[in-house]
Amino acid sequence: MPATVVVGLQWGDEGKGKTTDLLARSVSLVVRYQGGDNAGHTVVVGDEVFKLHLVPSGVLHPHITPVIGSGVVVNPRILLDEIAMLEERGVDTSRVRVSRAAHVIMPYHVELDRAAEARLDNEGIGTTRRGIGPAYADRAWRTGIRMGDLLRPATLRQKLARVLPERNAILHETFGLPAFELDAIQADAVAWGEQLTHRVVDTVGLVQGALANGEHVLLEGAQGTLLDLDHGTYPFVTSSNPTAGGACNGGGVGPRQIGQVIGVMKAYSTRVGSGPFPTELGDEPGRHLLEKGREFGTTTGRRRRCGWFDAATLPYAVAVNSVSSIMLNKLDILSGLPEIKLCTGYRVDGVSATWPLEVDDLERAQPVYETFAGWDADLSGIRRMSELPAAAAAYVDVLEELAGVPIALVSVGPERNQTIVRGPVDGVRELAGALESVAG
Ligand code: IMP
C-alpha cells in the first residue's frame, strides 16, 4: 500500500491532528517530516485532550509506531518532557523513534531566535521562538548537530568546538548576550543522547521496510502550505517545507511511493505571527471566528489572526501538493454569521492580481469577495450532508469547485465522530472505513 500525506493548505492550524487520528486505524507508521516543536497538535479522545508538539499524534494508538523523521528539527529537552508527560498519563511511548539524521535544536538556536525576534520588536517574523530557523540555518550551513551525534560524544565535541565559538560571537557581539560553555553544552547533549539512545535509528529504513511489507504509512505535515519556505509568503514563513514534497525529503519516501495527499483546510483562515493576510478581519466577524473557533495557539497561546477563507490561494495549494482530496474543518464555527465572504482574487493598486504575489504586493492587496448567505443552525450534531442547512452545503460546494478536487470529509466539531463523509471517497477509502467504525 502506498503512503498517504496529510498536509495543511493554509497557514497551519487547519486541524491536521484530527485527520491523522481518523486515519489511524489503517496505519502502522505515522511520520512527522518537518518542523519542530513550533507545531502544536491538539487531539481530543473522549474527555482527554492531548497537546503534542513533537511526538506524532499516532502515539495514542498502540498499534502505531510514531516516527520523527529526518526533516524534523528536534529539541531533545522538549522531546524528553513530552515523552514523560505521555507516560505520566498512561500512554505507552516505547515505540517512538527519532531519525538519527534529524537536526538538533541546541540551546544557542533558541537564544538566537529569541534575540533576533526581540531586537526587531514588532517588525520580526513573529516566530514561535523555539529556535527553528537557526537550527535549519545550521543544517544548511553544514554546521548542525544531528541526533546521531548525541550518541557519539567524541564526534559531538569536535562539532560543538567548531560551531560554538561562531554562535557565541553572534550572541555576544550582536545581541550582548552571555556565551554558552562548551563543557556544559556537551554534558547536557550527551545526557540527552543517553536517554534517547534506543529511539535514535535510521528511520528511512523503518519507513521503507514498512512500505515493502505492504503497510500503510502516514506522513504528517506540520504548519501549512502558505508557511512553506518556498511556496509561502516569504520571508513570513517557517524554515522548512510543509508541502507534500517535504514529505519525500523529510520522511524518506520517493514521490512514486505516495498514493494520496489529503489536504486539510478550515472553513475560514487564520494566521499566527506576522506577514500579509489580505482577508484578515478586525471587526465583529473576526471576533466571532476567534472566540467560537477558540483560535489561540497550541504552542504559544497567542491569539490567531482570523479572516475569511482566502480561496485565491487554494488552486495553487492544491496544485503544488498534488492534493487528491480535501478534509474541510470547522464548518460549524461559521454558524450564526449573517453572511459569509469568500475571497476569490485580489486587486493591487486597482489592478486585478492572482496568487502568488510578491509579499509587498500582497501587503497592499485588496481581496475581491463573493458573499454568501449565512445560517444559524448548530451543525455539531450533523453527520450527513443532506442534513446541513442549504446555505452551508452551498458554501462547501463552492469551495470544492474552486479547489478542483473533492472535499471528501467535512468536520463539524473536534470529536472523531463529528465528521461528515461527503464523498466521493475513492481517494480516502481507508478513512471512510475508519469513520464508519468510529461512528459504529
Ligand atoms: P517559526 O516556525 O517558529 O520560525 O515561525 C515562523 C512563522 O511560522 C511564524 O509566523 C509562526 O507563527 C508560524 N508558525 C510556526 N509554527 C506554526 C504552527 O504550528 N501553526 C501556525 N503557525 C506556525
Considering only the stretch 1-24, how many residues are in a helix (DSSP H, G or I) and farther than 12 Å from residue 416 by Cα? 1
Kindly check whether there is at least one residue in the stretch 282-294 that is surrounded by 23 or more Cβ atoms within 10 Å (Cβ to Cβ) and among the basic types (Lys, Arg). no
Subset of the stretch 104-127 that is of a type in the set (Val, Ile, Thr) and either at pLDDT 95 or above or in a helix (DSSP H, G or I) (or both) - its residue that is farthest from the ligand (Cβ to nearest atom): 104
Long-range neighbours under 7 Å by Cβ, at least six apart or interchain, first residue of a type in the set (Ser, Thr, Tyr) within the stretch 33-53, second open to solvent by 40 Å² or more (accessible area, probe 1.4 Å): 42/49; 42/51
Give 267, 312 a once-over and let me know the one that is open to solvent by 10 Å² or more (accessible area, probe 1.4 Å) and touching a residue at least 12 places away in the same chain (Cβ under 8 Å). 312
Give me the residue from the stretch 222-242 that is within 19 Å of residue 277 (Cβ to Cβ) and open to solvent by less than 10 Å² (accessible area, probe 1.4 Å) and, out of that set, farthest from the ligand (Cβ to nearest atom). 225
Residues located in the stretch 132-160, provided they are assigned to a helix (DSSP H, G or I), under 26 Å from the mean Cα position of the chain (by Cα) and away from the ligand (no atom under 16 Å from the Cβ): 147, 148
Of the criteria (1) β-branched (Val, Ile, Thr); (2) open to solvent by less than 20 Å² (accessible area, probe 1.4 Å); (3) farther than 30 Å from residue 202 by Cβ, which one residue 272 fails: (2)
List the residue pairs whose Cβ atoms are under 7 Å apart, where the first residue sits in the stretch 59-71 and is free of Cβ contacts under 8 Å to residues at least 60 places away in the same chain, the second is open to solvent by 10 Å² or more (accessible area, probe 1.4 Å) and among the acidic types (Asp, Glu), and the two are 6 or more positions apart or on different chains. 62/92
Going through the stretch 19-41 in order, the residues found to be within 11 Å of the ligand (Cβ to nearest atom), over 23 Å from residue 202 (Cβ atoms) and in contact with a strand residue (DSSP E or B) (Cβ under 7 Å, 6 or more places away or on another chain) are 40, 41
For the stretch 159-182, check the following and say yes or no: at least one residue is under 27 Å from residue 84 (Cβ atoms) and open to solvent by 50 Å² or more (accessible area, probe 1.4 Å). yes
Is at least one residue of the stretch 156-165 among the polar types (S, T, N, Q) and touching a strand residue (DSSP E or B) at 6+ places or on another chain (Cβ under 8 Å)? no
Is it the case that some residue within the stretch 187-210 is under 17 Å from residue 31 (Cβ atoms), crowded, with 23+ Cβ neighbours inside 10 Å, within 16 Å of the ligand (Cβ to nearest atom) and outside the structural domain of residue 108 (by TED's automatic domain parsing)? no
Which ranges mark the strands (runs of 3 or more DSSP E) fully within the stretch 286-391 that have 3 or more residues being modelled with pLDDT of 95 or more and of a type in the set (Val, Ile, Thr)? 339-348
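The values are calculated or read from the model by the stated rules, or taken from the named source; none is laboratory data. Bear in mind that the values here come from a model prediction, so they are computed numbers and not experimental data. Methodologically, a virtual Cβ is constructed for each residue, glycine included, from the backbone with ideal geometry; neighbour enumeration extends over all protein chains shown. Heads up: the accessible areas ignore ligands, DNA and RNA and are worked out on the full protein's heavy atoms, side chains in. Shrake-Rupley method; radii C 1.70, N 1.55, O 1.52, S 1.80 Å.
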